[in-house]
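The next block holds one structure in the form of structure tokens; read it before the comments.
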Amino acid sequence: MSVREGQHLVRTIEVGPHRLTADASEPFGTDAAPTPTELVLAALGSCTSMAVRGYANRHGFQLQSVDVDVRVDPPNGPRQQIVRSIRLVGDLEEEQTEKLLAAAGRCPVHRLLTESVTVVTQPTILAASHRSADPELSA
């Protein structure tokens, strides 16, 4: 995965053959794309939905649909939490619903956000003279 700088605060994100865009909300950015926080929330919501659907399919549960809404509460503040609402539609017994909600908690993004994780930064600094010598880096 790579992130490349674009106009103002717009960023192009390349994930294998896929291309996404991120931006900051106004007044800081142009609101041309989801914010990085929104992309994290989208990752959690989509991962949750996939985990629940996959579990239901593997176990033959009569799950018609699973919808997930995710938000940060409060949106700005010193102590925030992610609130995830999961709507399950189908002919489900209480035990099946409990198992599906447990599966939601095992999705890889949920685990990444809730378990101990460390971000390691490896800087690569190029001197200005090296940039102008390589046309690929000057673009």
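Bear in mind that the values in this text are calculations on the coordinates, not laboratory data. Remember, it's a predicted structure, so these values are computed and weren't measured experimentally. Every residue, glycine among them, receives a Cβ derived from its backbone with ideal geometry; neighbour counts consider all protein chains shown.
Tabulated data for the structure shown
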{"quantity": "Per-pair calculated FRET efficiency, R0 = 30 Å: R71 and T30 via Cβ, rounded to 0.05", "calculated": "0.85"}
{"quantity": "Stretch gain in nm, segment T37-V15, where the contour uses 0.36 nm per residue and the Cα spacing is subtracted", "calculated": "6.2 nm"}
{"quantity": "Most positive-pole-ward Cα, V68, P36, I82, against dipole of segment 35-114 from beta carbon charges", "calculated": "P36"}
{"quantity": "Under Karplus coefficients 6.51, -1.76 and 1.60, residue-wise ³J(HN,Hα) of segment 106-119 in Hz, glycine/proline x", "calculated": "9, 5, x, 5, 4, 5, 4, 6, 9, 8, 5, 9, 10, 9"}
{"quantity": "J(HN,Hα) series, segment 77-90, from Karplus relation 6.51 cos²θ - 1.76 cosθ + 1.60, nearest Hz, glycine and proline x", "calculated": "x, x, 10, 9, 9, 8, 10, 10, 9, 10, 9, 10, 10, x"}
{"quantity": "Answer label for Cα Rg over 2.2 N^0.38 Å (calculated), chosen among (1) 1.39; (2) 2.62; (3) 2.03", "calculated": "(1)"}
{"quantity": "Potential lengthening between V119 and V83 on full extension [0.36 nm per residue; Cα-Cα distance subtracted]", "calculated": "10.6 nm"}
{"quantity": "With Cα atoms, 0 to 90° folded angle of helix 36-59 axis to the chain main axis", "calculated": "30 degrees"}
{"quantity": "Amide proton proximity set for G90, modelled H, under 5 Å, gap of 5+", "calculated": "Q64"}
{"quantity": "Amide H partners (placed H, <5 Å) of G29, local residues excluded", "calculated": "A24"}
{"quantity": "Among V89, V40, V120, residue whose mean-square fluctuation peaks in a GNM of the chain (springs only between Cα atoms under 10 Å)", "calculated": "V120"}
{"quantity": "GNM flexibility winner over the chain from G45, G60, G16 (Cα, springs under 10 Å)", "calculated": "G16"}
{"quantity": "Placed amide H near T35: partners under 5 Å, 5+ positions off or other chain", "calculated": "D23"}
{"quantity": "Rounded to 10°, Cα long-axis angle of helix 94-104 versus longest principal axis of the chain", "calculated": "10 degrees"}
{"quantity": "Choice from T30, T21, T124 with maximal GNM fluctuation in the chain (Cα, 10 Å cutoff)", "calculated": "T124"}
